[in-house]
Amino acid sequence: MSRTDTFAPGNVVVVRDEDWLVTSVDESSDGPVLNAQGLSDLVRGQDAVFYPSLDRIKLNDPRDTTVRPDDSPKYRRSRLWVESTLRKTAVPLSDDSLTVSPRMLARQLGYQHKAVAKALDPATLRPRILLADAVGLGKTLEIGMILSELIRRGRGERILVVTPRHVLEQMQHEMWSRFAIPFVRLDSQGVARVKQKLPANRNPFSYFRRVIISIDTLKQERFVHDLRRHPWDAVVIDESHNVTNTATLNNRLASILAPQADALILASATPHNGSRESFAELVRLLDPTAVKADGDLDAKRVEQLTIRQHRHSAEVAEEVGADWAERLDYHPAAKLTAFPRRGHRNNCCQAVAVHPRRACPPAQTLLKETCR
């Protein structure tokens, strides 16, 4: 009998006081080699290799389980266990129906469900989407619904949300109050405290399963090494137009996180600032193959990766059009004055259309070189 017959994939073993799931068993000159994935809290999601010749490995044999009768009223404990097991059982990836997001604490809007369904297209192995809806259409709710569906499908165990500092608390509150997704908010000091609790070879970003952190904190050089070594089930980058400049630390951070994420969600109400290169950089983060060698975009692939809706879109207007006040255009007549000549420094403000609040300093700044 081969020594590998002692262990088999699917076995749960106890090694170094932690529970591990055996994923495969190989043979070596020293005997069997166990490839395992952590199950208990300290090692959850971690991969490891164990040698029975070196480690004391205890096999959790189901035959050793002691069966006890349920003496709770109406078998309450058994029914709760069955229900909790069903809730934890992942929905098949082929199921494209929305299973949990329609029951969340949010107004049910069809155009938002359209964005979620597009992100969860079964034909896409790695969900990638740019949420480019206009301001006020609920991109945060769409993010929450997408994450909820990923979690229900067993693809949202490790989630990272990166936002600007001023919306950090709001995003955390929305995810918890509406979708019951708890995120741990971290800053530089928080990461430092986590590192103090862990062994030197342990990645601090693996300590918490779901983390929300500001982009200004995460882009620091000291976090780069750990970020390159830690995979995520889903990464969300809010206000993603801030990562389009390739010469910035924001872009470097996004470039590190994108390949490490199974699902990537970019959100921005202004994804295109008029620069073709900037928009191409957003698309490149989602799918590098969607940007050709000459810089041109694959229009079909871009359409699959992005969703852009505004108040005049048919589905939006049908559902929330009545909630938007009609905009009345006002075109006042303005009399243009002559542009000041050089040397007429005192007439700078009179030569431009001054804002009703008399914001002359910006105008003076713009004409500073001309007026000299």
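ASP55 - would you say it is within 30 Å of PHE208 (Cβ to Cβ), touching a strand residue (DSSP E or B) at 6+ places or on another chain (Cβ under 9 Å) and assigned to a loop (DSSP other than H, G, I, E, B)? Break it down into steps so the answer makes sense when it comes.
Details: within 30 Å of PHE208 (Cβ to Cβ): yes; touching a strand residue (DSSP E or B) at 6+ places or on another chain (Cβ under 9 Å): yes; assigned to a loop (DSSP other than H, G, I, E, B): yes.
So ASP55 fits the description; yes.
GLN46 - would you say it is closer than 30 Å to LEU286 by Cβ, among the polar types (S, T, N, Q) and modelled with pLDDT of 85 or more?
Details: closer than 30 Å to LEU286 by Cβ: yes; among the polar types (S, T, N, Q): yes; modelled with pLDDT of 85 or more: no.
Considered against the rule, which asks whether it is closer than 30 Å to LEU286 by Cβ, among the polar types (S, T, N, Q) and modelled with pLDDT of 85 or more, GLN46 comes out as no.
Would you check if ARG128 is loosely packed, with under 15 Cβ neighbours inside 10 Å and among the basic types (Lys, Arg)? Lay out the reasoning, then the answer.
Working: loosely packed, with under 15 Cβ neighbours inside 10 Å: no; among the basic types (Lys, Arg): yes.
Criteria not met by ARG128.
Could you tell me which numbered condition VAL22 fails, if it satisfies all but one of (1) modelled with pLDDT under 80; (2) not in a loop (DSSP other than H, G, I, E, B)?
Looking at each condition in turn, VAL22 falls short on (1).
Scan GLY10, GLY38, GLY45 and give me the residue that is farther than 26 Å from PHE208 by Cβ and not basic (Lys, Arg).
On the way: GLY38 fails: farther than 26 Å from PHE208 by Cβ; GLY45 fails: farther than 26 Å from PHE208 by Cβ.
Testing whether each residue is farther than 26 Å from PHE208 by Cβ and not basic (Lys, Arg) leaves just GLY10.
Could you list, in sequence order, the residues of segment 176-188 that are among the aliphatic types (A, V, I, L, M) and over 17 Å from PRO102 (Cβ atoms)?
Filtering segment 176-188 for residues among the aliphatic types (A, V, I, L, M) gives 180-181, 184, 186.
Matches in segment 176-188: VAL184, LEU186.
Taking the criterion of being surrounded by 12 or more Cβ atoms within 10 Å (Cβ to Cβ), modelled with pLDDT under 80 and not in a helix (DSSP H, G or I), would at least one residue in segment 113-121 satisfy it?
Looking through segment 113-121, none of the residues is surrounded by 12 or more Cβ atoms within 10 Å (Cβ to Cβ), modelled with pLDDT under 80 and not in a helix (DSSP H, G or I).
Of all residues in segment 137-157, which are within 21 Å of ALA317 (Cα to Cα) and in a loop (DSSP other than H, G, I, E, B)?
Result: LEU137, GLY138.
What's the total number of residues in segment 77-112 that are in a helix (DSSP H, G or I) and either buried (at least 16 other Cβ atoms within 10 Å of the Cβ) or touching a helix residue (DSSP H, G or I) at 6+ places or on another chain (Cβ under 8 Å) (or both)?
Taking segment 77-112 and keeping what is in a helix (DSSP H, G or I), we get 77-88, 101-103, 110-112.
Now drop any that are not either buried (at least 16 other Cβ atoms within 10 Å of the Cβ) or touching a helix residue (DSSP H, G or I) at 6+ places or on another chain (Cβ under 8 Å) (or both), which leaves 101-102, 110-112.
So the answer is 5.
Considering every residue within segment 156-168, establish whether at least one is under 22 Å from LEU109 (Cα atoms), hydrophobic (A, V, I, L, M, F, W, C) and buried (at least 21 other Cβ atoms within 10 Å of the Cβ).
Taking segment 156-168 first, the residues under 22 Å from LEU109 (Cα atoms) are none.
There is no residue in segment 156-168 that is under 22 Å from LEU109 (Cα atoms), hydrophobic (A, V, I, L, M, F, W, C) and buried (at least 21 other Cβ atoms within 10 Å of the Cβ).
Give segment 279-314 a look and list any residue that's more than 21 Å from ASN242 (Cβ to Cβ), touching a strand residue (DSSP E or B) at 6+ places or on another chain (Cβ under 9 Å) and in a loop (DSSP other than H, G, I, E, B), or say none.
Across segment 279-314, the qualifying residue is only ASP298.
List pairs: first residue in segment 258-286 and among the hydroxyl-bearing types (Ser, Thr, Tyr), second residue modelled with pLDDT of 90 or more and part of a strand (DSSP E or B) anywhere in the structure, Cβ distance under 9 angstrom, at least six positions apart or on different chains.
Close Cβ pairs (under 9 Å, with a partner that is modelled with pLDDT of 90 or more and part of a strand (DSSP E or B)) amount to SER268/LEU130; SER268/LEU131; SER268/ILE237; SER268/ASP238.
Scan segment 158-174 residue by residue and report those that are assigned to a helix (DSSP H, G or I) and among the β-branched types (Val, Ile, Thr). Lay out the reasoning, then the answer.
From segment 158-174, those assigned to a helix (DSSP H, G or I) are 165-174; that's our starting set.
Across segment 158-174, the qualifying residue is only VAL167.
In contact with a Pro (Cβ under 6 Å, 6 or more places away or on another chain), in contact (Cβ under 8 Å) with a residue 40 or more places away in the chain and small (Gly, Ala, Ser): which single residue out of ALA90, ALA106, ALA115, ALA119 fits that description? Step through it out loud before you land on a result.
Numbers: ALA90 fails: in contact with a Pro (Cβ under 6 Å, 6 or more places away or on another chain); ALA106 fails: in contact with a Pro (Cβ under 6 Å, 6 or more places away or on another chain); ALA115 fails: in contact with a Pro (Cβ under 6 Å, 6 or more places away or on another chain).
Selected residue: ALA119, the only one of ALA90, ALA106, ALA115, ALA119 that is in contact with a Pro (Cβ under 6 Å, 6 or more places away or on another chain), in contact (Cβ under 8 Å) with a residue 40 or more places away in the chain and small (Gly, Ala, Ser).
Tell me which residues, restricted to segment 197-251, are within 30 Å of GLY138 (Cβ to Cβ), over 13 Å from the mean Cα position of the chain (by Cα) and part of a helix (DSSP H, G or I).
Across segment 197-251, the qualifying residues are PHE205, ASP216, THR217, LEU218, LEU227, HIS241, ASN242, VAL243, LEU249, ASN250, ASN251.
Can you find a residue that is part of a strand (DSSP E or B), closer than 14 Å to VAL14 by Cβ and touching a strand residue (DSSP E or B) at 6+ places or on another chain (Cβ under 9 Å) anywhere in segment 45-52?
Applying the first criterion (part of a strand (DSSP E or B)) to segment 45-52 yields 47-50.
Then keep just the ones that are closer than 14 Å to VAL14 by Cβ; that gives 48, 50.
This time we only want the ones that are touching a strand residue (DSSP E or B) at 6+ places or on another chain (Cβ under 9 Å), so: 48, 50.
The answer is yes, given that some residue of segment 45-52 is part of a strand (DSSP E or B), closer than 14 Å to VAL14 by Cβ and touching a strand residue (DSSP E or B) at 6+ places or on another chain (Cβ under 9 Å).
The values are calculated or read from the model by the stated rules, or taken from the named source; none is laboratory data. This one's a predicted model, so the numbers in the text were calculated from it and none came from an experiment. Here the Cβ is made from the backbone with ideal geometry for all residues, glycine too, and neighbour counts use every protein chain on show.
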